1. Just checking: which of the strands (runs of 3 or more DSSP E) contained wholly in segment 147-214 hold 1 or more residues that are modelled with pLDDT of 95 or more?
2. I'd like to verify a number: residues in segment 123-146 that are in a helix (DSSP H, G or I) and surrounded by 14 or more Cβ atoms within 10 Å (Cβ to Cβ), how many?
3. For the condition of a type in the set (A, V, I, L, M), within 15 Å of LEU78 (Cβ to Cβ) and under 17 Å from the mean Cα position of the chain (by Cα), what is the one hit in LEU123, LEU130?
4. Which fully enclosed strands (runs of 3 or more DSSP E) of segment 28-97 have 2 or more residues being touching a strand residue (DSSP E or B) at 6+ places or on another chain (Cβ under 6 Å), among the small types (Gly, Ala, Ser) and closer than 17 Å to LEU112 by Cα?
Amino acid sequence: MKRARFIGILTLALLAVATAGSLADDAATVKLRWALGAWDAGEAAPKRIQKDVQLDTGAKLQFLVEPLSACSVYLLLLDSSDALYVLYRESAKKGSGDERNLIPPGSGRFQLDDDAGRETFFLLASHEPLDKLEGLIESHDAASDSAKPAIVESVVAEIVRLNREHRRLSRPIEKPVMIGGQTRGGPDGRSAIDQLAVEVTAETYYGKTITIEH
């Protein structure tokens, strides 16, 4: 009887430890929805962009970024002239499920111009703020034009390092999320972007790089 009771207590203790570990893992999980939509010239509906692609001059682009867990999210653009732009930056804020950030906002679009080249977008999300990256961004913003190129190189090198460092983690789960065909957000194109969204679940960190040639 005592042995059975001991085994029962031990089992409960092990379950408690496993549950605590699971909760800790869940607390550190990065979850977000994102989409990159591209409108070809003359097209009314966008297409989903999830990997490197070549687009024609005149194509228009818009991002959606929606944190679903407490995480720091960064969206940066390195344009064809090697200029760096921070398009979105939110530190350790939990999304409410209604914070769909359109970039550019509303009906705005980025448009690929006649200057052929490469546009590189970096999307990063982390359970913890990326302090070194944030410091480099601050330095870039405060730097003179002549000093910016060297800092841009450091920013890109840090992103490459972060992505390489986190390859050992479990592969993130990426799944398209349909919104049931319902219009959300009215005529500003938000519903079209919503229909392209991918929901990501990752272990503490997620990094996505998309290069667009034009």
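1. Details: elements: 173-176, 198-203, 205-213.
Passing ranges, in order: 198-203, 205-213.
2. From segment 123-146, those in a helix (DSSP H, G or I) are 131-142; that's our starting set.
From what is left, the residues that are surrounded by 14 or more Cβ atoms within 10 Å (Cβ to Cβ) are 133-134, 136-137, 139-140.
The number of residues fulfilling the criteria is 6.
3. On the way: LEU130 fails: within 15 Å of LEU78 (Cβ to Cβ).
The match here is LEU123.
4. Numbers: elements: 29-39, 60-67, 71-78, 84-93.
Qualifying strands (runs of 3 or more DSSP E): 29-39.
The values are calculated or read from the model by the stated rules, or taken from the named source; none is laboratory data. All values reported here derive from a predicted model rather than from experimental measurement. We place every Cβ from the backbone using ideal geometry, glycine too, and count neighbours over all the protein chains shown.
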